[in-house]
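I have placed the structure first, in the form of structure tokens, so that the comments after it can refer back to it.
The values are calculated or read from the model by the stated rules, or taken from the named source; none is laboratory data. A quick note: this is a predicted structure, and the numbers were derived from the prediction, not measured. Here the Cβ positions follow ideal geometry from the backbone for every residue, glycine too, while neighbour counts run over all protein chains shown.
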Amino acid sequence: MSIIDHPLDPVKVGSEHPETLIAKQSFFCYNIVMSRKLYPADGGKNINISSRPELLFRVSPLLNFDCKCRLFFVFLLLTTVVTGCGGTTIVDPSQPLEQRNVLLPMGYAIQVGAFSQLNNAVQLTETLQSKGLSAYYFVNQNGLYTVRFGNLSSKEKAQKEAETLRSAGTIPDYFIVGPDDYRTTKSGENGKMFLRNEIVERAESFIGVPYRWGGSSPRDGFDCSGFTMAVYRLNGLNLPRSSSAQWTAGSRVDRHQLSEADLVFFATSGGKRISHVGIYVGKDKFIHAPGRSKKIRVSSLSNTYFKQRYVGARSYL
């Protein structure tokens, strides 16, 4: 699904969509609670109900059981974070600019395959993902598609996991990628700008590739955050997989201070909820996966669509 296309479920004339009706009833209950003081049994002080969900079933007698259940549903809905590009993290611009978050380095990973056909790499990647592994594919220096997964603390653990998968017929021959094989090791000698350039170069190698990182349906939308995760992990930085987690893991960067390899975030579903992410490559451009099965491409932050939906950026270096 393109990030620009958001089809809505049809609603019959004269009727309301079931989800709309539930939302209206739930927020009616919410208004009843918020319009009254709560007096829990353990004291007479006002309580913030968002921090004490168990009080939902001990509040005003004006709420019947059904209303309380709906209110509890609203609480769960508002506190649940959906992983991937469809994440529901709400932008918080209050993080101080001087705060610096650092990603942990990658440990030992398992690399398999050298496919000339993209579908073979996709099939193996999805098989590994179905087993709970954060697998991703990329184009190697020979122009072939390779699959990589895992982040183990030792070479022995990586070999053990690889042997188990090979014995089961899940993967073919493999080799272990160690911490010394990543660009982060060389960046210590060449500086952060070297690593930023390496991240941009790796991102550029994906341009034109129809990327499918995961997700069982278009709504899961793992493509964009899976792409950014793959690029960072290929350079030795353990970037989380979902866009909401990536936002939280980084350090705030103002628009006019963007540097190559920073991540830029967008609210493509309306409001201020993060739902899309790309890699900034300089000159007001960024590389991203626009949607499931769409090709990786370069877009401009000045583009009207993205300009209106831009919510902020994060740095990890």
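Answer with yes or no whether residue 285 is more than 13 Å from the chain's Cα centre (by Cα), farther than 24 Å from residue 111 by Cα and without any contact (Cβ under 8 Å) to a residue 60 or more places away in the chain. So residue 285 passes the test. Against the condition buried (at least 20 other Cβ atoms within 10 Å of the Cβ), in contact with a helix residue (DSSP H, G or I) (Cβ under 6 Å, 6 or more places away or on another chain), within 17 Å of residue 101 (Cα to Cα) and modelled with pLDDT under 95, how does residue 243 come out, does it pass? It is true that residue 243 is buried (at least 20 other Cβ atoms within 10 Å of the Cβ), in contact with a helix residue (DSSP H, G or I) (Cβ under 6 Å, 6 or more places away or on another chain), within 17 Å of residue 101 (Cα to Cα) and modelled with pLDDT under 95. If you check 280, 316 for being out of contact with any helix residue (DSSP H, G or I) (no Cβ under 8 Å at 6 or more places or on another chain) and either surrounded by 22 or more Cβ atoms within 10 Å (Cβ to Cβ) or within 17 Å of residue 240 (Cβ to Cβ) (or both), only one passes: 280.
Checked against (1) surrounded by 20 or more Cβ atoms within 10 Å (Cβ to Cβ); (2) over 21 Å from residue 210 (Cα atoms); (3) of a type in the set (A, V, I, L, M), residue 258 meets all criteria but (1).
Could you tell me which of the residues 167, 153 is surrounded by fewer than 19 Cβ atoms within 10 Å (Cβ to Cβ), farther than 18 Å from residue 229 by Cβ and in contact (Cβ under 8 Å) with a residue 40 or more places away in the chain? Matching residue, one of 167, 153: 153. The set of residues in the stretch 285-306 being in contact with a Ser or Thr (Cβ under 8 Å, 6 or more places away or on another chain) and farther than 18 Å from residue 208 by Cβ consists of 306 alone.
With respect to residue 280, determine if the residue is under 30 Å from residue 108 (Cα atoms), more than 14 Å from the chain's Cα centre (by Cα) and not in a loop (DSSP other than H, G, I, E, B).
Details: under 30 Å from residue 108 (Cα atoms): yes; more than 14 Å from the chain's Cα centre (by Cα): yes; not in a loop (DSSP other than H, G, I, E, B): yes.
For residue 280, the condition - under 30 Å from residue 108 (Cα atoms), more than 14 Å from the chain's Cα centre (by Cα) and not in a loop (DSSP other than H, G, I, E, B) - is met.
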